[in-house]
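The next block holds one structure in the form of structure tokens; read it before the comments.
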Amino acid sequence: MLIHDSKIMHEMEKIKPGAHVCLLYENEEEWQNSVIPFLATGINGNEVCVCVVKEHTVQQIRQYLDEAYKDLPSPQIDQQLIILQSEDIPPSDYSADINKLIQYIIDAAYKAKQDGFKGLRFTAEIDWMVGTGENSFENMLEYENSLTSDLSLNFPITVLSRCYIDKFSIAAIKEIVMTHAFYIRKDKFYRNYRHILPGKTKKQNRAKLDKWFIDLEKEQDNYCHIQFLANILEHSSQPFCTNSPKGRVISFNNAFCNMLGYDRAEIAQLKSLKDLTPCEWHGIIDYATDRLSRTGKPQRYEMEIQSKNGNTIPVSVLIDGIKDKKGNVSYYSSFFTDITERKRSEQILQEREERYRVLFNTINEGWSLFEIIADQDNYPCDFRFCEINPGFERQTGLSKENVISHTLLEVLPDMDSEWLNIFIQAALDKKPVSFQRYSPTLKRYFEASVFVTTEKYLAVMTIDITRLKHLEARLQEQLHFLQHLIDNIPNPVFYKDLNGVYQGCNRAFENIMGRPGNEIIGRTFFDIAPYEIAANGWKMDQQLFANQELQHYDSILPYADGSLHDVIYNKAPVFSMNHKLTGLVGVTVDITERKRAEQALAISEENFRSIFSQSPIGIAVVNCNGVVVEANPACLDIFGVNTLNDLDRFQLFEDPTLPYEAKQKLIQGEVVRYEAEFNFDIIREQGIYNTRKSEYAYLDYLITPLISHEGGTGGYLVQVQDVTEQRKSALALRNNETQLRRITSTMRDIICQTDLIGIVQYISSSVRTVLGYEAEEMIGKNIWCYTHPDDMGRVLEINRRALSKGSYGKIEFRYRKKNGPYLWLEAVGNPLWDEEGSMVGIVLGTRDITERKHMEKEMARLDRLRLAGEMAATIGHEIRNPMTTVHGFLQLLKSEPECSSFQSYFDLMIEELNATNSIITEFLSLAQNKAIYLKVQNLNCIVKNIYPLISAEAIKSDKQVTLELGNIPDTGIDSNEIRQLILNLALNGLDAMEPGGTLQISTFLKNNEIVLAIKDQGKGIDPAIFDKLGTPFVTTKENGTGLGLAVCYSIADRHNATIDYQTGPNGTTFMAIFKPA
């Protein structure tokens, strides 16, 4: 069985190119456990693997690989693995000539390298490669020497030679093993420490062979110990190397390579260790080596060594000699310590010393150095200035030139004697002294530190704290202010130190304790409260000191009147400026009233429990997982169960009657209400819970999320009612309503139901046909909201009277159409009564009477025109005849000589008669039976003919007239009457405009009708006379007769034409509409 995960696999992965391994195997299993990992690691390592076999087939080798290493891609195996039968390798006589075998391996390695692979792995049987004849051992030695000395230096070849033990003698096996650096025996990997050219062994004894292997393996154990020590040196972080007495580097570790930046091959090529050091250090190396030889003791010295990148590295070297058995030094071992950081530190130290000197001269603190002057009894009596810094000069106003070499008393003869005593005491005690003192001489406060540097010198550091002292005074004022502020806080506040002793409190705390502050400060809680209460408080204080966190808890506090109050303590640790715990501060909040409220709440909760259990509405409490935790009897009855345990399998969120939208809203914390059909048979069949009810019921759910203290959803309150009977009644009512609405929807009239204030509750779909509104947008609006403003008061008054009387009549009013004009509507109302006989609303039947109103208006207008025409025909004839007689006699009298002095009077009377005659002529135009002479002609021709006359009138009043004549068909018209119509409308337009205005006359074809439009830029027509337009003698002009527009309407009637108008604040357009011929 292949053990591909054995130690051999790991050793195979460690084999470097050029290694030669001998496999000693006794059976097929040992053969597989070494050969297959050897090939697999080569394929994984991007090497070409050549496997020469005799007893195995290509298919067997592939099968072994596939079974043991399933992760190896087949294309990779096909590309990198070459399996050959020994007899198939051309030429077939390789085994006869070792040079040809070597050449074959070289060719294979060279090709692998050309193809981009890292190297070549070769494995074959020993007897095939070197033969079994008389010269087989010589061939083997020649083969190994060629591979080791020549081939492996130039080509990365790894060889696994396979040796079947039963084929060879003991001596032969020893010879085979000794020619390999590594060997594998009994599935174990060994390094061969007797890797030398062996002599020949004469005796063939298997037991001796085993003993030889045992001795060999003991040597390996010894070598492993040595190798362990070597590994320690190799992996040590301290650089190490050995060199011969002539200086050639023999061995070194990785740290040595890393320090210099060279690889092992580059260091191995050095002739001497001195090649790595600048010439100026060679003498130091020779001196240390010579001293080591003379004294026999390790030597330490410092020098510089040059790295590969050219940088110079300062190192400390510890060198020792390794002697042979004769006592001669065979080589030197050197341990290197990179002292770059130390050298840098020394340089930094030097630079720092310079900086300290700069700092001494630049810091704000004053520094002075004194020589101690003693009397004959060696008692300090004065101090001589040796050095001062600029800070001292700034603080004292004393210059360096005036104090150096002078004594303290010479410079400041009237100085405070206390200063001198402190200096003397520091000099005697040899201990630092710090103090704060005012200097009357310098008139400033100083903080000073005095200390002895040596036996003869005293150093003084001074800081000008004059400003600080002033700040302290201000700080005391602020502290007084803060205490006053705290005293005005309504909640009791107190301070304690770490021993529980009160250090301060506010007035509120004094009041509840019934003691002044001086009787509280300096005492503990035990002194002012009962022992049990005080002990509990001290326990909580100790917990706060241990945790150093905010503290919040309920407790009892005795007040001065002897009553015990429920309070909340809020405590916090107090720290000093250097973050050291110094005590605590506490605030109490009286919650006595809140506790009473909580008791009242408990009573209220009990009352709620009573209501909960007796409520006819089903009520259940569901936890946040949807499980029912409490339900009242009504709820249990609705669901058909006897106890709450019967609902233990019910889960709200898995309830099939819970709509998906409602479930999402509940998850989001929203209130949900819905109705659902609850089928008890399905509930029982699906095993949701056992119910005694059957068939189905309609249930009305109201589910309210319950908010937890943390702010999230802590559960749900479910209220449920059985609305089956209401649902059935509502369904029947809805069917009746649907039938009624189907009837009303087919009616042309609008059927509407409102409440008592007019809010629409129902309106038939015909509202869209009549008014353009959708029924949905009218629901919820006041039915009278679109009533014409002029009709609103009258309609509301009629509605009010109808409500008070309880009966409705007929109402006519104008109502605005959606996106359009107002329509005339006629509404008939009927009160709507409830079961108790109270009026609850109104039902209105409304129809469109706009056309009827227009017809009535037109009939009235035509009636007025008819009356005016009849009056014109009668009165005109009767008036004209006398006027003609008067006009003739006036002209006759005017020609008489004796009347010449009255010429002006005659002219005036004749002019007035002519004007009256013109009015009568115009009035006669209203006659309906006036004869007209229709002729098929183009309206544009008449407009063009009369344009100069109208334009001349416009120019007189500084106005303009423009024409926009379209392509219109001919029509049958009386040219004289149409000229009169155009002239009347044009003159009306000119009169309506201010100077500078423009009158536009246009013709065009619209809806297969010819339109004559005259547009002015006046102020528009007064809405008050809209209904009277065209009525004779109705005018807004001061000197108008009110006949011009009436004549136009009369002319239009005689031509079967109509007159329409559009008016607004920017002007009015009159349109005469004719039918084409």
Can you tell me the orientation of helix 98-114 relative to the chain, as the angle in degrees between its alpha-carbon axis and the longest Cα principal axis, to the nearest 10? 30 degrees
Region 387-398 - phi-based ³J(HN,Hα) in whole Hz, Karplus 6.51/-1.76/1.60, Gly and Pro as x: 7, 9, 9, x, x, 5, 4, 5, 6, 9, x, 9
Please compute the net charge surrounding Leu420, taking Lys and Arg as +1 and Asp and Glu as -1 over other residues with Cβ under 13 Å from its Cβ. -4
Give the residues of region 456-500 whose amide nitrogen is closer than 19 Å to a point set 7 Å from the Cα of Lys431 in the direction of its Cβ. 458-461
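If the only charges are +1 at each Lys and Arg Cβ and -1 at each Asp and Glu Cβ, what is the size of the charge dipole of region 430-471 around the Cα centre, to the nearest 20 debye?
On the way: 8 positive and 3 negative charges, 23 e Å.
So the dipole magnitude of region 430-471 works out to roughly 120 debye.
Just want the ordering: Ile682, Ile285, from fewest to most Cβ atoms lying within 10 Å of their own Cβ. Please list the in-between numbers first.
Working: Ile682 12, Ile285 19.
By the 10 Å Cβ count, ascending: Ile682, Ile285.
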Ordering 776-788, 467-479 by per-residue average of other C-beta atoms within 10 angstrom, highest first, gives 776-788, 467-479
Give, in nm to one decimal, the length gained when the segment between Arg515 and Glu401 is fully stretched (0.36 nm per residue of separation minus the Cα-Cα distance). 34.6 nm
Inter-label distance for Asn99 and Leu908, nm, one decimal - labels placed 7 Å from Cα along Cα-to-Cβ: 16.5 nm
For labels at Lys817 and Asp637 in the simple 7 Å Cα→Cβ model, what's the distance in nm? 6.1 nm
Please give the helix 417-429 orientation as an angle from the longest Cα principal axis of the chain, in degrees from 0 to 90, rounded to the nearest 10. 40 degrees
Can you pull the one-decimal nm distance between simple spin-label points at Ser900 and Glu67, each 7 Å off the Cα toward Cβ? 16.4 nm
Ranking Ser405, Cys386, Val460 by how far each Cα lies towards the positive end of the charge dipole of region 363-469 (+1 on Lys and Arg Cβ, -1 on Asp and Glu Cβ), the top one is Val460
Would you give the gap between the C-alpha center of region 392-410 and the C-alpha center of region 775-814, rounded to a whole Å? 108 Å
Where nothing but the Cβ of Lys and Arg (+1) and of Asp and Glu (-1) is charged, how large is the charge dipole of region 682-813 around its Cα centre, in debye to the nearest 20? 480 debye
Under 30 Å from the Cα of Lys1075, which lysines turn up, not counting those fewer than eight places away in the same chain? Lys817, Lys853, Lys857, Lys930, Lys935, Lys944, Lys1006, Lys1015, Lys1028
Mind checking the angle between helix 1044-1054 and the chain's longest principal axis? C-alpha axes, 0 to 90 degrees, to the nearest 10. 90 degrees
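Can you figure out the FRET efficiency of Leu796 with Ser951, using R₀ = 35 Å and their beta-carbon distance, to the nearest 0.05? Walk me through the intermediate numbers first.
Numbers: r = 53 Å, r/R0 = 1.51.
Computed FRET efficiency for Leu796 and Ser951: 0.10.
At 0.36 nm per residue, and after removing the present C-alpha to C-alpha distance, how many nm does the segment from Trp784 to Asp1060 gain when stretched out fully? Provide the component values of the computation, followed by the final result.
Working: separation 276, 0.36 × 276 = 99.36 nm, distance 2.96 nm.
Extending this stretch completely gives an extra 96.4 nm.
Taking the convex hull of the alpha carbon atoms in region 326-467, what volume per residue do you get, in Å³?
Values: hull volume 29.5 nm³, N = 142.
That works out to 208 Å³ per residue.
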Tabulate in residue order the Karplus-calculated ³J(HN,Hα) for region 268-278, using 6.51 cos²θ - 1.76 cosθ + 1.60 with θ = phi - 60°, rounded to whole Hz; enter x for Gly and Pro. 5, 7, 5, 7, 8, 5, 5, 5, 9, 10, x
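Report the antiparallel proportion of the DSSP beta bridges in the chain as a percent, rounded to a multiple of 5.
Values: 157 of 189 bridges.
Taking every DSSP beta bridge within the chain, about 85 percent pair in antiparallel fashion.
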The answer for Arg162, listing residues at least 5 apart or on another chain whose modeled amide H is closer than 5 Å to its amide H, is Leu23, Ala124, Glu125, Ile126
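What 222 nm value per residue comes from the helices of the chain, counting each DSSP H run with n ≥ 4 as -39,500 (n - 2.57) and dividing by all residues, nearest 500 deg cm²/dmol? Provide the component values of the computation, followed by the final result.
On the way: 33 runs with 443 residues, N = 1077.
About -13000 deg cm²/dmol.
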Where does each of His20, His1055, His282, His579 land when they are ranked from fewest to most other beta-carbon atoms within 10 angstrom? His579, His282, His1055, His20
Along the dipole axis of the chain (charges at Cβ: +1 for Lys and Arg, -1 for Asp and Glu; origin at the Cα centre), the most positive-end residue among Ser975, Pro995, Leu65 is Leu65
If each residue's Cβ is checked for other Cβ atoms within 10 Å, how do Cys279, Cys257 rank with the fewest at the top? Cys279, Cys257
With charges set only on the Cβ (+1 for Lys and Arg, -1 for Asp and Glu), what does the dipole of the chain come to about its Cα centre, in debye to the nearest 20? 1340 debye
Can you tell me the Rg and the Dmax, both Å, for the Cα atoms in region 234-276? 9.6, 27
Measuring from the lowest to the highest alpha carbon on each principal axis, how far does the chain reach, largest first, in angstroms? 186, 118, 95
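Bear in mind that the values in this text are calculations on the coordinates, not laboratory data. As the structure is a prediction and not an experimental result, all values here were calculated from the model. Note that each Cβ is placed from the backbone with ideal geometry, even for glycine, and that neighbours are counted across all protein chains shown.
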